[in-house]
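Peer 1: Sharing a structure below in structure tokens format, with a few things to ask.
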Amino acid sequence: MLSEIRIVITLLVATLGSPIALASDRFEVPGTHYSVSIPGTPECEVHEMDTALGSIERHVCSYYDSELGGGYSIEYFSLPVVPDQDMAQIILTATASGAAESSASEITRQSETLVDGYPALEVTFLMRDKGFFAHVRYVLVGGDLVTVSVDGGKRMHDSPTVPAFLDSLRVSGS
């Protein structure tokens, strides 16, 4: 039964993953312990998603930088079951693979890292036919899958704001 739950969680996050000068003020995602430095005021939305394990709320806060032609976002959703730590990289990798497949993107770089002690995976996606990049950091915080991403064209890809934004994610008081 436990292995079946692990497989379902891995498949669930694989289908949900998707790839998108910083302000000195930190933006705290409402109702969470997650914050980022973002160059503007993001708009937040909640999307209801039906899955094999029931309904999930996906919380997304994003900001579009018209000067650089790209967007910044932080999003999270709670998994129906808190996975074991040994499953973390499997879940994160499955999420990235699902995002690549669903967006017809190619993963050009992938590396494991930590964010405030939590397992993370940093991925760069490329949609060659559109010249579109997405830099994404997936973080598993207990039962939450948190994603910070920056996406856009070459100007956005080359901007120093990309690593600064990804590195700005903090998990506090959890």
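Peer 1: Just to be sure, is Ala164 hydrophobic (A, V, I, L, M, F, W, C) and modelled with pLDDT of 90 or more?
Peer 2: yes
Peer 1: Taking Ile20, is it of a type in the set (A, V, I, L, M), at pLDDT below 90 and either touching a Ser or Thr at 6+ places or on another chain (Cβ under 7 Å) or in a loop (DSSP other than H, G, I, E, B) (or both)?
Peer 2: yes
Peer 1: For Tyr118, are the conditions met, namely being out of contact with any helix residue (DSSP H, G or I) (no Cβ under 7 Å at 6 or more places or on another chain) and either on the phi < 0 side of the Ramachandran plot or crowded, with 16+ Cβ neighbours inside 10 Å (or both)? It would help to see each step written out before you state the result.
Peer 2: Values: out of contact with any helix residue (DSSP H, G or I) (no Cβ under 7 Å at 6 or more places or on another chain): yes; either on the phi < 0 side of the Ramachandran plot or crowded, with 16+ Cβ neighbours inside 10 Å (or both): yes.
When the stated conditions are applied, Tyr118 passes them.
Peer 1: Given the conditions (1) farther than 14 Å from Ser149 by Cβ; (2) surrounded by fewer than 19 Cβ atoms within 10 Å (Cβ to Cβ); (3) not aromatic (Phe, Trp, Tyr), which single one is not true for Arg58?
Peer 2: All conditions are met except number (1).
Peer 1: Mind counting the residues in region 60-91 that are out of contact with any Gly (no Cβ under 9 Å at 6 or more places or on another chain) and farther than 21 Å from His47 by Cβ?
Peer 2: Taking region 60-91 first, the residues out of contact with any Gly (no Cβ under 9 Å at 6 or more places or on another chain) are 60-61, 66-67, 73-77, 84-91.
Right, trim to farther than 21 Å from His47 by Cβ and you get 66-67, 84-90.
Matching residues across region 60-91 total 9.
The values are calculated or read from the model by the stated rules, or taken from the named source; none is laboratory data. Being a predicted model, the structure only gives us computed values, none of them experimental. Glycine also receives a Cβ, built like all others from the backbone with ideal geometry; neighbour counts cover every protein chain displayed.
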